[in-house]
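One structure below.
The values are calculated or read from the model by the stated rules, or taken from the named source; none is laboratory data. Being a predicted model, the structure only gives us computed values, none of them experimental. Note that we place each Cβ from the backbone using ideal geometry, even for glycine, and neighbour counts take in every protein chain shown. We work out accessible area using only protein heavy atoms, side chains counted, and drop any ligands, DNA or RNA first. Shrake-Rupley method; radii C 1.70, N 1.55, O 1.52, S 1.80 Å.
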Amino acid sequence: MGLKRSTLFAAIIAACATLWSAPAAAQATRTWISGVGDDANPCSRTAPCKTFAGAISKTAAGGEINCLDPGGFGAVTITKSISLICDKTEAGVVVAGSSAIVINSASAYVVIDGLDLEGLGNAPTTAGINGVYVINAAAVHVRNTKIRGFRNGYGINFAPQSGNSQLFVDNVTISESGGTASPTSTGGITVNPAAGITASATITNSNVVDNMNIGIRADTTGIVGSVINLSIDRVTVSNNGAGILAKAPNGTGTVKLMLTDSQITLNAGQGLIANGTAASANAFVGNTTITNNGTGILVLSAAKVLSYGNNRLDGNTTDGAFTGTIPLH
């Protein structure tokens, strides 16, 4: 009788194991990639994956992907909160004919730290489109990163479509982007939200250099009700087709630019362009040098470029002028 009971008990246990199988392994909050990894791995510290795309599906929302050692880690599309942290090694993404990092989730908080994004703009191939392309996000932080060679788009294309969004750029160099085929839609950085959307961008301690067309573009052309708040601090904008454009034609949206402690120099065209009405396009400039450009400041259609009285505007082929002065307080 005891043997029969034991056999019955074992059968019940086996049936339960069949009916209630163990859940799939939970996504990790921290995963790892390596130049010699394999995307078939679990992306653990001792069994890392090979690419961002391979690791992101195994990383929980709000988690972090770290680079163990140097490698080329491939393009990735991000649709959840995630941090890509590779600031202690050489971590690259090389693309031709596409964007390196695409972000598309209105609720996502994304950090990109320590990457080298190459769009092959100087190679005999189809150049990359955008280095970082923000279609939607709550906030994106790009820091300690080099972005170059995206001739078919922008180094950073910040174009939120369905929710107010923030971009923070710190210690980033953007170069060799923009192309002659699309002079009004390629360059270094663009801020270009959809209708009715507020896009706020802060660019600090960075270099936007040697790009075709515009170095930094904030533009609401054809976009009704959009708002751009752009802060540029301790940034060098040099050797671009033109330096900075703040454009908000009448009846579209508004652009407010704060430019401080920066250098705008050696741009073939204009250093700073403001285009719009007195209400729609406003630039406030403090402790900034604007020199050695084709035209230092160009103001169009009654826009405002106001100085705090401590700037250096000289040495341009045509200096232009501020439209007014704001007293320091």
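Please identify which residues in region 49-69 have an amide N closer than 11 Å to a label point set 7 Å out from the Cα of Asp39, following the Cα→Cβ vector. Inside the label zone: 50-57. Amide H contacts of Ile326 (H built 1.01 Å from N, in plane; Pro and chain starts excluded): Ser307, Tyr308, Gly309 sit under 5 Å, all sequence-distant by 5 or more or on other chains.
Solvent-accessible surface of protein heavy atoms, probed at 1.4 angstrom with all chains present, puts Tyr308, Tyr109, Tyr154 in the order Tyr109, Tyr308, Tyr154, largest first. Region 40-111 and region 139-201 have Cα centres lying 19 Å from one another. Extension gain, Ala53 to Asp87, is 10.4 nm, computed as 0.36 nm per intervening residue step minus the present C-alpha separation.
Keeping the other protein chains in place, figure out the carbon and sulfur percent of the accessible area of the chain, with a 1.4 Å probe. Display every interim value, and only then the final one.
Numbers: 7700 of 13950 Å².
C and S atoms contribute 55 percent here.
Maximal additional length on extending the Ser98-Ala278 stretch stands at 60.9 nm, based on 0.36 nm per residue less the C-alpha distance. In region 235-329 the Cα-Cα distances spread across 5 Å bins starting at 0 as 3, 16, 26, 26, 19, 8, 2, 0 percent of all pairs.
When the alpha carbon gyration tensor of region 167-285 is reduced to an equivalent ellipsoid, the three semi-axes, largest first, read 21, 15, 13 Å.
With 0.36 nm allotted per residue and the present C-alpha distance subtracted, the Thr29-Ala138 stretch has 37.3 nm of extension available. Over the chain, accessible surface divided per residue gives 42 Å², non-protein components excluded, 1.4 Å probe. log10 I(q)/I(0), Debye, Cα-only region 41-153, no solvent, q = 0.17, 0.20, 0.23 Å⁻¹? One equal scatterer on each Cα of region 41-153 leads to -0.77, -1.05, -1.32. Report the net charge of residues surrounding Arg312, where surrounding means a beta-carbon distance below 13 angstrom and charges are Lys +1, Arg +1, Asp -1, Glu -1. Cβ neighbours under 13 Å give a net charge of -3.
Need one number: convex hull volume per residue for region 141-198, Cα atoms only, in Å³. All intermediate terms of the calculation are to be shown ahead of the outcome.
Numbers: hull volume 4.2 nm³, N = 58.
Dividing the Cα hull volume of region 141-198 by its residues yields 72 Å³.
Of the Cα atoms belonging to the chain, the radius of gyration and Dmax stand at 24.7, 105 Å.
Taking every alpha-carbon pair in region 216-256 and binning the separations at 5 Å intervals from zero gives 6, 25, 26, 19, 14, 9, 2 percent.
Here the label points at Thr180 and Asp319, each 7 Å from Cα along the C-beta direction, are separated by 3.4 nm in the simple model. When the inverse distances between all different Cα atoms of region 99-258 are averaged and flipped, the Kirkwood radius reads 15.0 angstrom.
Calculated on the Cα set of region 269-313, radius of gyration then Dmax: 10.4, 30 Å.
As a quick test, which of the pairs Lys50/Lys256; Lys58/Lys88; Lys50/Lys247 have an alpha carbon distance above 32 angstrom in this structure?
On the way: Lys50/Lys256 42 Å; Lys58/Lys88 22 Å; Lys50/Lys247 43 Å.
Over 32 Å Cα-Cα: Lys50/Lys256; Lys50/Lys247.
Other residues with beta-carbon under 12 Å from the beta-carbon of Ser177 carry, at +1 per Lys or Arg and -1 per Asp or Glu, a net charge of +1.
DSSP bridge analysis restricted to the chain gives an antiparallel fraction near 0%, rounded to the nearest 5.
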